[in-house]
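Below is one structure; the comments refer to it alone.
The values are calculated or read from the model by the stated rules, or taken from the named source; none is laboratory data. All of these numbers come straight from a predicted model, not from anything done at the bench. Neighbour counts run over all protein chains shown; Cβ positions are idealised from the backbone, glycine included. Keep in mind that these areas ignore ligands, DNA and RNA; they rest on the heavy atoms of the full protein, side chains included. Shrake-Rupley method; radii C 1.70, N 1.55, O 1.52, S 1.80 Å.
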Amino acid sequence: MKEFFSFLLSPYDKPMVEGWRSKARFTLGSLGILVVLLLANAALQMLYIYFTGSKSHLETWQAYDNGLASIAKEIGPSFLLFYGCIIGPFMEEAAFRLPFSFKRGHVLVGLPILVLLISFVLGNWYLFVGVVILMGSVAFFVRQKITQEQLDALKKKHGKTLLHSVALLFALLHIGNYGEFSITHMGSYFFSIGSILISAYFFYYVRLRAGFLYGFVLHAAMNSFMLSEFFHN
């Protein structure tokens, strides 16, 4: 836990964990700590509900469950699981975590995918052609205009700030999972989005300490747990 909080204060101070066994143990340990923190967040939410008598959490979680059930009915539980546990985590890790090595190749791959995902959240599928063009433009700009030396300087000067900002963006982009936005649900959003933000930091933690593959595995494991109700179908 102390190591994790040190990471939040200074993400780039320590080198990566070496060896796949050490990385696997590190990932499993991070998973255990993440589960404990999410359970603590859930306990705090229960206390909030008890002392405030708020019912907004029921509405937001019902909207979340109804949304998943609707998608499962439309595309089938199997594809929902494949998308939610494999495709979705891979794209999100590529977009939100891969570039934070600040290696030029990783940024070149990650930024266009980030543009694509944000466009899908804020726009509609008919914007796909425009998004593809924008993705290509971003990739071309990175390739032509940004050098590795500039990225190294950016990491040294603003890496920590960018990591925290994008982690918050990642969490906020998931607010649509809990139904139509309502100011009366802010208490519920605080805990729901809080759990996603906590998870995001652990995805960064494992990605930067162990590597992209291990961060993806952690993300896929958490999504599998969230979608476990559909595994019996």
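Every condition in (1) surrounded by fewer than 12 Cβ atoms within 10 Å (Cβ to Cβ); (2) touching a Lys or Arg at 6+ places or on another chain (Cβ under 8 Å); (3) modelled with pLDDT under 85 holds for Thr147 except the one numbered (3).
Being polar (S, T, N, Q) and within 28 Å of Ala24 (Cβ to Cβ) is a condition met by no residue of the stretch 118-127.
Cβ separations smaller than 8 Å between residues 6+ apart or across chains give no pair from the stretch 82-95 residues that are under 16 Å from Val109 (Cα atoms) to residues that are open to solvent by 80 Å² or more (accessible area, probe 1.4 Å).
State which residue is farthest from Phe79 (Cα to Cα) when the search covers only the stretch 93-122 and only residues that are open to solvent by 40 Å² or more (accessible area, probe 1.4 Å) and under 16 Å from the mean Cα position of the chain (by Cα). The qualifying residue farthest from Phe79 (Cα to Cα) is Leu111.
For the stretch 1-55, residues that are open to solvent by 80 Å² or more (accessible area, probe 1.4 Å), in a helix (DSSP H, G or I) and of a type in the set (Asp, Glu) total 0.
The rows are residues; the columns are (1) more than 24 Å from Ala200 (Cβ to Cβ); (2) in contact (Cβ under 8 Å) with a residue 24 or more places away in the chain.
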site	(1), (2)
Arg21	yes, no
Arg25	no, no
Leu47	no, no
Asp65	no, no
Lys73	yes, no
Pro77	yes, yes
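Within this structure, Gly76 passes the test of being at pLDDT below 95 and either out of contact with any Leu (no Cβ under 9 Å at 6 or more places or on another chain) or open to solvent by 60 Å² or more (accessible area, probe 1.4 Å) (or both).
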